[in-house]
Each structure stands twice: as C-alpha cells, then as structure tokens.
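Quick note: the coordinates plus some simple rules give every number you see, no bench work behind them. Worth saying up front: this structure is predicted, and the values here are computed from it rather than measured. Cβ placement follows ideal geometry from the backbone for every residue including glycine, while neighbour counts extend to all protein chains displayed.
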Ligand SMILES: C[S@@+](CC[C@H](N)C(=O)[O-])C[C@H]1O[C@@H](n2cnc3c(N)ncnc32)[C@H](O)[C@@H]1O
C-alpha cells in the first residue's frame, strides 16, 4: 500500500464582525496566521522552546482573530500552553472579540484588556510576554486625513500618523518593559512599503532591536511585510 502522509492544517477561527468600527480580518491578518501555522510544532514556536512560552499578547486584537487562533493552536499542540492576552483601544473591538471567542467555543480563556497601547496594563504584566503580536495601524495619514479633522474610531484600524509608523514607534517605546527579557522573546508586526521602511529599521536598530522580514505580500497598491523583532539580551 502507498504511504500516505496526512497533514492537517489548523483551520482559521470563525469570525463575525458586526461592529462597523472593528477591522475585519484581511491579508495582513492572514499573513500572521499563516506564519504561525507554518512555524509551530510540538517542540518549538518559530525556534523558541514551546515549553518556555508562558504568555502571548495580541495587541490591537480587533475581532480577536489572532488571539483565538492561538487558542486553537493550544488545543492542537499539547506542549503549547501559554496564557493568551488580547487588547485594543476600542471597547467595541473587545466586545466583538469576546463574542468571537464564544463563537469558537473557547469561552473565558483569553484575558482581554481595553487599553491605549500599554497604558492600562497592570504592573504585574511587566516583563512577562514571550511573544507580542501587533498588526498596527500602518498607513501614513498625510494627504488622506484633512487637517483638523478629528480621528474617527475607524481610523484606529489604519492611521499610523504622518510617517505611517507613529503608533508603532510609541508602542515600541514601552514594549521592552513588557517583554520577558530573561529569555528569547519576539515581537511580530506588520509594516507597509508605503512607509519609509529603511528609516524605520534604522530607528529600531538604534533602540537595540534586530529586525527580520519574514514574509511579504503584494496587495494592489503596496507590499505588506511581516517582521520579527528581537532585542539583544544583555
Ligand atoms: C490593522 S487593525 C488589526 C486588527 C487585528 N489584529 C487583525 O490583524 O485583524 C489595528 C488594530 O489596532 C487597534 N489600535 C489602534 N491604535 C491602538 C492603540 N493605540 N492601542 C491599542 N490598540 C490600537 C485598532 O483598534 C485595530 O483593532
């Protein structure tokens, strides 16, 4: 009989997005999901010993899809057992994510936080995350937002300020305080070719990070890039 190799791919969560200000899963979201799907096994997540991963944060969770996907991976890989945290600046994103958690039959597993970046995070989460994932608002607002217009809730999904990475850089200022620096820890984030990526990388190097481009996808007016940041351990 022929040998049959059976590969079961972890399926995407079921996502309902009825809130008009909440970002529906898009190409950037799936770039992240696919990367994790392809880089996890019983022993490692992207090269990190799976048993050492105690806490993962999905910052800017939107519909909750990334956090829920991580819970689905937990069910599939018995050695993968981190606590999953999901945060967003928008209250309705957190409401939507909680509904989606129920929809995927994993009630009350994810720890939700409404917060502008890390501002409302409790002190006890400092230096605790082994992995932080942020699909930030990454498009430059210049030329799109008219002067003096107040930011709307929907703008939080895409408006990365004048450079496109203003929100991301504010995030990175505090991210070091929330990473577990006693071992290898990673930050995954999305960037866009519509921004000055060279300049962003220079800034990240100055701040002590090494950045690797993991995946790139062309979508009609830009390339979106999945990056992985690592901080040099002392
Ligand atoms: C591009 S969407 C990504 C949503 C989801 N993670 C995904 O990949 O489908 C960006 C998310 O970041 C959130 N966000 C924007 N600014 C934020 C901030 N300062 N603090 C926390 N979340 C923020 C938005 O509300 C939105 O849900």
Longest principal axis of the chain (C-alpha) makes with the long axis of helix 65-76 (C-alpha) an angle, in degrees to the nearest 10, of 10
Most exposed first, judged by fewest Cβ atoms within 10 angstrom, 74, 232 run 232, 74
Dividing the helical contributions, -39500 (n - 2.57) per DSSP H run of n ≥ 4, by the residues of the chain yields a 222 nm value, nearest 500 deg cm²/dmol, of -8000 deg cm²/dmol
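Taking neighbour counts of Cβ atoms within 10 Å as a proxy for exposure, in what order, fewest first, do 198, 207 appear? The partial results should precede the final answer.
Details: 198 8, 207 14.
Fewest-to-most ranking of 198, 207: 198, 207.
Please compute the contact order of the stretch 88-219 in relative form: average sequence separation of alpha-carbon pairs under 8 Å and at least six residues apart, divided by the residue count, as a percent. Intermediate results must be reported in sequence, preceding the final value.
Details: 141 pairs, mean separation 33.9, N = 132.
Relative contact order for the stretch 88-219 comes out at 26 percent.
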For the chain, the longest principal axis of the Cα atoms and the Cα long axis of helix 91-103 enclose an angle in degrees, to the nearest 10, of 20
Reduced to Cα centres, the span from the stretch 158-234 to the stretch 70-96 in Å works out to 21
Sorted largest first, the C-alpha extents of the chain along its principal axes in whole angstrom are 67, 45, 43
Measuring from the longest principal axis of the C-alpha atoms of the chain, the long axis of helix 27-38 (C-alpha) lies at a number of degrees, nearest 10, equal to 30
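Among 105, 127, rank each residue by its count of other Cβ atoms within 10 Å, from fewest to most, as a rough exposure measure. Let's see the in-between values first.
Values: 105 9, 127 13.
Final ranking by Cβ density, sparse to dense: 105, 127.
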The relative contact order of the chain, taking Cα pairs under 8 Å that sit 6 or more residues apart, comes to a percentage of 17
